[in-house]
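*Asks:* Handing you a structure now.
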Amino acid sequence: MLKKTLYGVLALLLLLTAAIGGGALAAESGPARPVVVQGAMNLEMQALVAALKNPKEITYGGWTFWQGTIGNLPVVVSRTEVGLTNAAAATTLAIEKFQPRAVINQGTAGGHDPALQRFDIVLGQKSIHFGKFKSNHADSGRGIHSENWIPENVKIRVNGQEKEYPGFAGDPELLKIAQGVAGTYTHGKIVSGVIGSADEWNRELDRIQWVHQKFQTSVEEMETASAAQVAAAYGVPFLGIRILSNSEPRNQDWDPKAGAYCQEYVLEVLKALDRAAKP
């Protein structure tokens, strides 16, 4: 009789566990894992650091992190520094050192889509490397024709198997939460789109138009796809959030206020994550 009772209790516990398991971002027992929020430069992450309760500064090599809370949500703000290599290194350190439940890469970007203007925000439905190409052979003196270069997919090893990625999809749950607070943003519109990453700052309109048509990019910057690549290798939910600080197609120059505006919105996303984590 005792044995049957124990089996019954175990079955009930298993049912309860399945019922409350939820998605990848569901609240967990034990010490809560943080959300890592990244910005490449001070103007892209200082307001987030200022919003942390009891921040603790930690540096590994050339990359600095601030650990604290926003509401009851554990948050680590990461200054990745600029560029693909910096973003990959900072993301690897963040995942290894802090074991985050999610990574959000946010900050400024240059516009590709002529329908968007300065201070609009793009939620990364997908992020893509647009600087990885191969070219066919051409003899000396035949010139350079970058418009004919062939894009190549990124390859990473996941669970021991090599996989090709034409881009990295934003986590659906994070995307839904970010879309849910879009109404709090007053400086422009919020859309879902493709964030393009390369160690480039393009100002030639023909080049921008070519990349936009080839990759359907909404914006360009230098970190998101690299951070997404590392997160994908570790199986950590990821979302890119990028604000237009400038737009060559609209002849709009760079404005540093964009960094502050993006952080205002990202703080609302973090507050929504905090609310979603509460039982």
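The values are calculated or read from the model by the stated rules, or taken from the named source; none is laboratory data. Note that the structure is predicted; figures quoted are calculated from it, not measured. All Cβ positions, even for glycine, are placed from backbone atoms using ideal geometry, and neighbour counts span all protein chains on display.
*Asks:* Checking residue 101 against (1) among the basic types (Lys, Arg); (2) closer than 23 Å to residue 220 by Cα; (3) surrounded by 12 or more Cβ atoms within 10 Å (Cβ to Cβ): exactly one of these is not met. Which one?
*Replies:* It is condition (2) that residue 101 fails.
*Asks:* Right, another one. Sort through 267, 239 and tell me the only one that's surrounded by fewer than 21 Cβ atoms within 10 Å (Cβ to Cβ), under 19 Å from residue 105 (Cβ atoms) and either touching a residue at least 60 places away in the same chain (Cβ under 8 Å) or touching a helix residue (DSSP H, G or I) at 6+ places or on another chain (Cβ under 8 Å) (or both).
*Replies:* Numbers: 239 fails: surrounded by fewer than 21 Cβ atoms within 10 Å (Cβ to Cβ).
Going through 267, 239 in turn, the sole match is 267.
*Asks:* Which residues, taken from segment 242-264, are touching a Lys or Arg at 6+ places or on another chain (Cβ under 8 Å) and under 15 Å from residue 104 (Cβ atoms)?
*Replies:* To start, the set of residues in segment 242-264 that are touching a Lys or Arg at 6+ places or on another chain (Cβ under 8 Å) comprises 244-248, 250, 252, 255, 258, 262.
If the condition is that a residue be touching a Lys or Arg at 6+ places or on another chain (Cβ under 8 Å) and under 15 Å from residue 104 (Cβ atoms), then 262 is the only one that fits.
*Asks:* Can we say residue 106 is closer than 25 Å to residue 64 by Cα and touching a Cys at 6+ places or on another chain (Cβ under 7 Å)? Steps first, answer last, please.
*Replies:* On the way: closer than 25 Å to residue 64 by Cα: yes; touching a Cys at 6+ places or on another chain (Cβ under 7 Å): yes.
For residue 106, the condition - closer than 25 Å to residue 64 by Cα and touching a Cys at 6+ places or on another chain (Cβ under 7 Å) - is met.
*Asks:* Quick check on residue 204: is it touching a strand residue (DSSP E or B) at 6+ places or on another chain (Cβ under 9 Å) and charged (D, E, K, R)? Break it down into steps so the answer makes sense when it comes.
*Replies:* Working: touching a strand residue (DSSP E or B) at 6+ places or on another chain (Cβ under 9 Å): no; charged (D, E, K, R): yes.
Taking the combined requirement at face value, the residue does not satisfy it.
*Asks:* Still on this structure: Would you check which residues across segment 166-178 are in contact (Cβ under 8 Å) with a residue 40 or more places away in the chain and in a helix (DSSP H, G or I) and list them?
*Replies:* 173, 174, 175, 177, 178
*Asks:* Ok, one more. Tell me, which residue of segment 157-182 that is in contact with a strand residue (DSSP E or B) (Cβ under 9 Å, 6 or more places away or on another chain), surrounded by fewer than 17 Cβ atoms within 10 Å (Cβ to Cβ) and not acidic (Asp, Glu) is nearest to residue 213 (Cα to Cα)?
*Replies:* 166
*Asks:* Considering only residues that are small (Gly, Ala, Ser) and modelled with pLDDT of 95 or more, look in segment 113-139 and name the one that is surrounded by the most Cβ atoms within 10 Å (Cβ to Cβ). Write out each step before concluding.
*Replies:* Within segment 113-139, the subset small (Gly, Ala, Ser) is 115, 124, 127, 131, 135, 138.
Applying the additional criterion that residues be modelled with pLDDT of 95 or more yields 115, 124, 127.
Details: 115: 12, 124: 33, 127: 29.
The qualifying residue surrounded by the most Cβ atoms within 10 Å (Cβ to Cβ) is 124.
*Asks:* Would you please list the contacts, defined by Cβ atoms under 8 Å and residues six or more apart or on different chains, that run from a residue in segment 138-165 that is under 22 Å from residue 207 (Cα atoms) to a residue that is in a strand (DSSP E or B) and at pLDDT 90 or above?
*Replies:* Within 8 Å, the pairs are 149/134; 150/134; 152/134; 153/164; 153/165; 154/129; 154/164; 154/165.
*Asks:* Turning to a different aspect of this structure: Yes or no: residue 83 surrounded by 20 or more Cβ atoms within 10 Å (Cβ to Cβ) and at positive phi?
*Replies:* Values: surrounded by 20 or more Cβ atoms within 10 Å (Cβ to Cβ): no; at positive phi: yes.
When the stated conditions are applied, residue 83 does not pass them.
*Asks:* Further, regarding this structure: Are any residues in segment 41-57 surrounded by fewer than 15 Cβ atoms within 10 Å (Cβ to Cβ) and either closer than 17 Å to residue 261 by Cβ or under 17 Å from the mean Cα position of the chain (by Cα) (or both), and if so, which ones? Outline the logic, then answer.
*Replies:* Quick first cut of segment 41-57, residues surrounded by fewer than 15 Cβ atoms within 10 Å (Cβ to Cβ) only: 42, 50, 53-54, 56-57.
42, 50, listed by residue number.
*Asks:* Could you figure out which of (1) within 14 Å of residue 82 (Cβ to Cβ); (2) touching a Leu at 6+ places or on another chain (Cβ under 7 Å); (3) of a type in the set (Ser, Thr, Tyr) isn't true of residue 224?
*Replies:* (2)
*Asks:* In this structure, is residue 102 modelled with pLDDT of 95 or more and within 26 Å of residue 235 (Cβ to Cβ)?
*Replies:* Yes, satisfied.
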